[in-house]
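I have placed the structure first, in the form of structure tokens, so that the comments after it can refer back to it.
Laboratory data are not the source of any read-out in this text; all were calculated from the coordinates shown. All values reported here derive from a predicted model rather than from experimental measurement. Cβ sites come from the backbone with ideal geometry, for glycine too, and all protein chains shown count toward neighbours.
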Amino acid sequence: REIVNTLWPTMAAILAFGWNALGTASAATNDTHSTDTSIEQAIAAATEGRCDEAFATLSELGELESRARLLVAQCRIRAGLYPEALDDLNRIRAASDLSPGQVGDVELYRAVAFYHLERYTEASAALGRAEGVSGDEAQIALYRGLIALRNGNNDRAAPALETASRLAPAITEPVASYYAGLAWQGSAERAKARAAFK
């Protein structure tokens, strides 16, 4: 859960970017100002852990229901409600109103939920579907590394975790380096382990 809380600012930023682009798309059917206000209120509610309120605010705007489910799923992941998040994400996997990047994010957050439910094979498969589609390469690398570490594959885990650290240090640290240090330690690479822990 600490991993998820470390990554939450990025989740919220990604959502804000996606929603802002949406305001123009829905201007023809809704007042742009009220749409933007609803989006801001939903993101604020999700950031404060009020997941159901975030969903209710956005689902009132009919064309945003799939995106609302993506937002509430991320909120639930942050709250440690992994089965509920997975249910939301599974409901929008085939949604035609999501952009390709959002489809990738659905798979990424399914992987995160699977990981925290200790369903590592399913997490790895979901990461495979997210790769090259989701824009959050750092989080994909982080969870690839964590799964490899859980599977005892230190030689694969350490580079993936260091990639996550390099791609987005502001959001993956200190988690990525700590686990990279453990992986290097497990590979008897003491100098690399010390550098990662440092």
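Before moving on, here are some points about what is shown:
- Under Karplus coefficients 6.51, -1.76 and 1.60, residue-wise ³J(HN,Hα) of segment 166-182 in Hz, glycine/proline x: 5, 5, 8, x, 5, 10, 9, 9, x, 4, 4, 5, 4, 6, 4, x, 4
- Derived scalar couplings ³J(HN,Hα) [segment 112-129; Karplus, 6.51 cos²θ - 1.76 cosθ + 1.60; whole Hz; x for Gly, Pro]: 4, 4, 4, 4, 6, 8, 6, 10, 5, 5, 5, 4, 5, 5, 5, 4, x, 6
- Count Lys and Arg as plus one, Asp and Glu as minus one, and take only other residues whose Cβ is under 10 Å from that of SER99; the net charge is then -1.
- Hull-based mean projected area of segment 134-198, where the convex hull spans the alpha carbons, in square nanometres: 3.7
- Ranked by how many other beta carbons lie within 10 Å on average, peptides 65-77, 91-103, 47-59, 157-169 from highest: 65-77, 157-169, 47-59, 91-103
- In order through segment 47-54: 3J(HN,Hα) via Karplus (6.51 cos²θ - 1.76 cosθ + 1.60), integer Hz, x for Gly, Pro: 4, 8, x, 9, 5, 5, 5, 4
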